[in-house]
1. Which pairs have Cβ atoms under 7 Å, sit 6 or more apart or on different chains, and link a residue in region 195-210 that is open to solvent by 30 Å² or more (accessible area, probe 1.4 Å) to one that is assigned to a loop (DSSP other than H, G, I, E, B) and among the aliphatic types (A, V, I, L, M)?
2. In the set 352, 398, which member is surrounded by 17 or more Cβ atoms within 10 Å (Cβ to Cβ), in contact (Cβ under 8 Å) with a residue 60 or more places away in the chain and in contact with an Asp or Glu (Cβ under 9 Å, 6 or more places away or on another chain)?
3. Return yes or no: is residue 481 among the polar types (S, T, N, Q) and either over 25 Å from residue 309 (Cα atoms) or more than 17 Å from the chain's Cα centre (by Cα) (or both)?
4. Given the condition among the hydrophobic types (A, V, I, L, M, F, W, C), surrounded by 14 or more Cβ atoms within 10 Å (Cβ to Cβ), modelled with pLDDT of 80 or more and assigned to a helix (DSSP H, G or I), answer yes or no: does some residue in region 70-87 qualify?
5. List the strands (runs of 3 or more DSSP E) that sit entirely inside region 264-325 and contain at least 3 residues that are out of contact with any helix residue (DSSP H, G or I) (no Cβ under 9 Å at 6 or more places or on another chain).
6. Filter region 211-246 down to residues that are part of a loop (DSSP other than H, G, I, E, B) and either modelled with pLDDT of 85 or more or among the basic types (Lys, Arg) (or both) and give me whichever is farthest from the chain's Cα centre (by Cα).
7. What's the number of the only condition in (1) open to solvent by 10 Å² or more (accessible area, probe 1.4 Å); (2) of a type outside the set (A, V, I, L, M); (3) touching a strand residue (DSSP E or B) at 6+ places or on another chain (Cβ under 7 Å) that residue 279 fails to meet?
8. With (1) outside any loop (DSSP other than H, G, I, E, B); (2) within 25 Å of the chain's Cα centre (by Cα) as the list, and residue 207 as the residue in question, which single condition is left unmet?
Amino acid sequence: MNSTAVWLSLFFTLSFLFSSVLSRSLSKTTVFDVSASTRLAKHALTPNPHSLKPQLQTTNTASTANTYSVSIHSRTSLRKHTHKTYDSLTLARLARDSARVHFLTSKLEFQLSNLTRSDLKPVQTDIQPEDLQSPVTSGISQGSGEYFARLGVGTPVKQYYMVLDTGSDINWIQCQPCVDCYQQSDPIFNPTDSNSYSKLSCSSTQCSALHVSSCSRTGDSCLYQVSYGDGSYTVGSFATETVSFGSSGSVPHVAIGCGHDNEGLFVGAAGLLGLGAGELSLPSQVKATSFSYCLPDRDSASSSTIDFNSAMPADAVTSPLLRNPKIDTFFYVGMTGLSVGGELLSLPPSIFEINESGHGGVIADSGTAVTRLPSQAYTSLRDSFKQGTQQLPASTGFALFDTCYDLSSMTRISVPTVAFHFAGGKTLSLPAKNYLIPVEAGGKYCLAFAPTAGSLTIIGNVQQQGTRVSYDIANSKVGFSAGKC
C-alpha cells in the first residue's frame, strides 16, 4: 500500500471515529410543549393582540460611546392582520416567504451573471427626474418584512418602524411628497422638516457605490436603481441623513433613499434597513465592527433589540464568517453539517460550501421564515425526522410542508433533536418549537424546513427565534446564543 493510500485510509478512519464520538455526545430527543405553542398560536388570532405603541428603545445592556441599540418587533406586533383562522395567517406568511426566497436567489443569480453597470438601465416610473431632483429605485420583491426596528431619522429626530433586512445593502424610507406611497404606521417622513437632510451629488462616493446610477436632468443629484425581476420599486432622492438609535446615540451622514413612488413594498413599515455586507449597508456606514439581533417569536407580544458594536456573548456557538468573492451583500456562515436525533446526516461537505462560481454556501436571513436546504440535505433531514417520529399521528401536507402531524390530543411530546454543525466541531441544537410549528390552531404541526432546487442554504427566522445572532465583522465570526434576547 503506497503512502497516499495509507493517509486516505487514516483520514477516513479518523473521520468515522470523530463522527461516532460526536453522535454519542449529542442528545437524541427533546421535549416539545404542544400546549404552550398552541396557546400562542390562538393568541395571535385575538383582536389586536399586542397593541404596540410607538416608543423609544434604550439599550438593555451597558452602553459605550459607540454602542447603539434599538428595539425589534415582529410583524404581528406592528400591524394588525385580518386573518380569522390560523391556517389563513400561515398561508399568507408562507406566500411572503416564497417571494422572499425568490428575491434572494434572483439577487444572487443576477450578481453572478457578469452583467456590467452599463448593461443596467433605470426602470420607467410616473415620476420625472426633474420633479424629484433624484429618484431612488430599489427592486423590493423581498415579499416579507417580518421584523421591524424602531429607528430615528432626521433632525429634529422622528421615530419610524423600519424592516430589518440582512439580504440588502440599501437603506430607504418613504418620503413626502408622495406620488404613490403605501400605508405605514408612522407619519411619512418629510425631508423639508429635517435640518440634516442633504442630497448626494453624482460624484459622491455613495453614488459611485451603487450598481446603477445616473444624474438628474436639472442638476448634479444622484439617481440610483436596484431592480429585480418582479418590477417592485421605490423611487425618490438619494441623500444623507442623521440616523438615531433611541437614547444610545446617533450617526450623521448616513446614505439613505428617500422614496416618493413606492410599489410592492412592506405595508406598515416606513422603509428598510439594509444589514448586508456591502459598503452602503447600515453596519458599514456606522462603521460597526459587530452587530447582533435577536428575533422574538412571531406570534408573541415580546420585543428584543438589535445592537451595534456590542460584545458577542461568551457562551455563543461560533462559526467562521465567510465572504463570497462574487457577491458583496451576503454574510455567509461556515456550516458543515446537520444532525437529527443525535446522528450526523450522511452528506457531502461540499453541499454547504461556496463553489468557484459563487454558488452554494449558507446564509442566515432575517426575512426568510422557513430554512431552505438543498434537496439532498432536506430529504436526508426529513427522512431521519420521520423515522424518529413514527409514534406520532401523521397528517397531510400543508403548502410547502410535506411532513406534518396531528397533535390536537397531545400536550407534551418527545421529538428527535435537530442541530446545525459548524466548522471547528461547534454544534447549535435547536429548540423543538423552532422546527415543529403550528400551521392550524386546531393542532396541526409541520416540520419547518423546505427543499430548494438551488444550492444556497438559507437559515430562516423560525429557526433563529429566541437566539441572538452575532456578526463579529472585525474577527470574521458568527455567534449563536440561545436566550440572549
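The values are calculated or read from the model by the stated rules, or taken from the named source; none is laboratory data. Bear in mind that the values here come from a model prediction, so they are computed numbers and not experimental data. Cβ placement follows ideal geometry from the backbone for every residue including glycine, while neighbour counts extend to all protein chains displayed. These accessible areas exclude ligands, DNA and RNA; they are computed on the full protein's heavy atoms, side chains included. Shrake-Rupley method; radii C 1.70, N 1.55, O 1.52, S 1.80 Å.
1. Cβ pairs passing all conditions: 206/200; 206/280.
2. That would be 398, the only listed residue that is surrounded by 17 or more Cβ atoms within 10 Å (Cβ to Cβ), in contact (Cβ under 8 Å) with a residue 60 or more places away in the chain and in contact with an Asp or Glu (Cβ under 9 Å, 6 or more places away or on another chain).
3. No; evaluated as a whole, the condition is false for this residue.
4. Step one: list which residues in region 70-87 are among the hydrophobic types (A, V, I, L, M, F, W, C), which gives 70, 72, 78.
With the extra rule that they be surrounded by 14 or more Cβ atoms within 10 Å (Cβ to Cβ), the set shrinks to 70, 72, 78.
Then keep just the ones that are modelled with pLDDT of 80 or more; that gives 70, 72.
Cutting the leftovers down to assigned to a helix (DSSP H, G or I) gives us none.
No, the conditions are met nowhere in region 70-87.
5. 304-308, 317-324
6. Across region 211-246, the extreme among qualifying residues is 217.
7. If we test residue 279 against (1) open to solvent by 10 Å² or more (accessible area, probe 1.4 Å); (2) of a type outside the set (A, V, I, L, M); (3) touching a strand residue (DSSP E or B) at 6+ places or on another chain (Cβ under 7 Å), just (3) comes out false.
8. Going through the list (1) outside any loop (DSSP other than H, G, I, E, B); (2) within 25 Å of the chain's Cα centre (by Cα), residue 207 breaks only (2).
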